[in-house]
1. With the full set of protein chains in place, find how many percent of the accessible area of the chain is carbon and sulfur; take the probe as 1.4 Å.
2. So if I restrict to the alpha-carbon atoms in the stretch 452-554, what is the Rg, and what is Dmax, the biggest pairwise distance, in Å?
3. List the lysines whose Cα lies under 18 Å from the Cα of Lys146, skipping any in the same chain that are fewer than 8 positions away.
4. Enter the angle in degrees (range 0 to 90, nearest 10) between the Cα long axis of helix 426-440 and the first principal axis of the Cα atoms of the chain, meaning the one along which they spread out most.
5. Using amide H atoms built in the peptide plane, which far-off residues or other-chain residues are under 5 Å from Val398 H to H?
6. Considering only DSSP beta bridges whose two residues both sit in the chain, what percent are antiparallel, to the nearest 5?
7. Please report, in debye to the nearest 20, how large the charge dipole of the chain is about its Cα centre when each Lys and Arg carries +1 at its beta carbon and each Asp and Glu carries -1 there.
8. How much accessible surface area, in Å² rounded to 10, belongs to the heavy atoms of Thr81 with a 1.4 Å probe?
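The values are calculated or read from the model by the stated rules, or taken from the named source; none is laboratory data. Note that this is a predicted model, so its numbers are computed, not measured. Heads up, the Cβs are rebuilt from the backbone with ideal geometry, glycines too, and the neighbour counts pull from every protein chain shown. The protein model used for the area step is the full one, side chains on, heavy atoms only, and it has no ligands, DNA or RNA in it. Shrake-Rupley method; radii C 1.70, N 1.55, O 1.52, S 1.80 Å.
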Amino acid sequence: MIKNNKFLSLLVGAMLAVATYTSALASDLTNLGLHVIPYPQQVVLGGSDFELSNTVSIVLDKNAGEVDKATAGKLKSELETNWSVKALIGTTPGSTNIILTRKGANKNLKAEGYQLSTDQKNLTISANDEDGLFYGVQTLFQVLKKTRSGVIVPGMEITDWPDIAIRAVHYDTKHHQDKASYVKSFIRDMARYKINMLVWEWEDKLAYKSHPEIGAPGAFTIEEMQEFTKYAKEYHMELTPLVQGLGHVSFILKWPQYRHLREVDDSDWEFCPLEDGTYDLLFDLWDEAMEATPGSEYIHIGSDETFELGLCDKCRAKAQEIGNSGLYHLFAGKAAKHLKKSRKVMLWERPMGWKMSRSPIKNMEPDNDLILTEEYHYNKADFQYVKEAKDLGFEVFVYDPNPGLEPLFLPYHFKLRGRSRIDDGSMKNSYNTVAPAAQSGLFEGMINTSWDDSGLHNQMWMLSFVTSAQYSWNGAAPGLEEFEQSFFHNYYGKDVVDMKELYQLLNEASYYYAWSLERNVWHHGTIGKTHLPDLPRRQYIEYDPFWNEEYEEMVKKSRTMQSKMLRAMQVIDMNKDLSTSNAYDFDVYRTVAELVDHTCQTYLDLSELERTITRAHKEAFSDRKAAIGHLMDAESLIEESLERRAKVYSNLVSVWEQTRMPKGMSTPEKEYFYKMDRSRHYANRTPDMSYLIYDEQLLDMEGYLEALRAYRKTLKTDF
């Protein structure tokens, strides 16, 4: 016993030493101008730099398989396209070589691990499996460096492996559909950061053959999804379908012919788990999802947020016996029985959640073949719930906390709770959750979620995705601040500046936007409503001059935020010229800054509108012509505001639709069936992109303008 304790102490000490050593070296690599993400587990700097000549040989083992040859092909393409280095693939070394080999790697290296080493004429990447060789090449892309004399890799030895075997990104397209070219670029981007699973929540974006009405117009066909699945495999990534089951099924139950399957007649949100037809329908959809993703190991059935579970007569009676949690697991058990013959079955369930249920009635325990992919409190009691679940045979994924449902941009640096309380941002929350989970060795997988509820452009999530990629691969290093700076230079280019400031400005802008007009009512209840200034009336331009008093604070905030958006646009424009990759993101960011700037200006316009009516009122007794002139100025203010809105909105749609299909579109073959979902998702308020300006449309400035014009004409003729 004493010997074991001594050994354990030495082991823990060694692990801490490695973690400290690795963390320090993260700064060393940054000092070399190398921003490697995810940061490798072990790095030793020194030795000869590897110098690439104008032509380099990519050397494969003589018995290399097709997958390793494909990895060599991707390396060749990168070198020739981005570094102007000609590459020849073969099995015979030349004068300058990049050696990709499945021989010589440490036999104890974890799956997906690799070793990379340099000397003056050879750079060697060795691995025990296909994935490891591929990930070694992804790291190579990030340690290449241009110098005055040419392209080099500084002298180093890397030994690297993932802390968590499955590193998944949740790709949610419930309220939009990306173009095929974007889907493939997204797969490539995620693979570069060693993400190896894409959990695609596509809802109605698959053209189901068995129930064709469910697929939206223009939805990807099964054959197209099979192509995406094949493409993902080429980048060592599994495409896992997520077709929601018990809850989140408005895309199915909005259709009148399935109304009888609802738990509550007036809610299209969830199925009744005691209706046989529920399973007949879902099995059809799930079978087609598996057909669309051949060779994938997993399927995700969602099934969370079952708000009305246990409310129908049949379920209420059954809940008396097994509780609502039991109803949930009854559904999950039937689903698993059908699916696990072909796939491993994931669902949104927390480890030991059934044990922690508040239900006074003893609940059913779920099938332990299910993979548990949701939990917010892993760190309680030293991962106690995870350990208990694993002891029962469950496979458990660490759930990267949901970043938030804020519109326009993610709360990377801070979250507002109400109007004043400030909490940590989503990036720190991800770090605090994923890094210790990765170091614990308890988790089979990690999943980062990107809920589409508020309709953000998918590019807004990239920092979130890459943060999860970093700390699920290596939970020990680098520190969060260093990682963030590395991300900006790695993702956008080494010359970009002031990027953290930009993200902070857009973080602030998101909250300003959410709390303007009545937008936040969609997620946070009644918050008050912005009204238009009082219309003038009768012969002497009577009105109630109260708008500027009521909205004084909002006008001040709008002036401040407008100056911040001008600064944001300055940073955006500057960095678009400096960036060497992902410049499109800056176009998307600018549309957000312009929309917020327009909202600011709208409040300033309404403030000036009331002042202009005040001037007209004051002239009503002394100079009728001047009074009418002020009313015409008021009309011009509204006209300009409406024109600006149309321009800003049109540009936003144009930029976002460079990568997306038109939201809520119909085709000649099929009309889009729109129905607002039970959860009132922000992005589902309108079928098209106008959800972003919907609250402004509710002001009815057009109607106000029409009434003001009619009043002015009446004032001019009748009075």
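1. The value for the chain is 51 percent carbon and sulfur by accessible area.
2. My reading of the Cα-based Rg and Dmax gives 22.1, 75 Å.
3. Within the straight-line limit of under 18 Å, Lys146 reaches these lysines: Lys76, Lys86, Lys121, Lys494.
4. Once rounded, one gets 20 degrees.
5. Gly445, Met446, Ile447
6. Counting DSSP beta bridges with both partners in the chain, the antiparallel share is about 40 percent.
7. Magnitude of the dipole: close to 1180 debye.
8. 100
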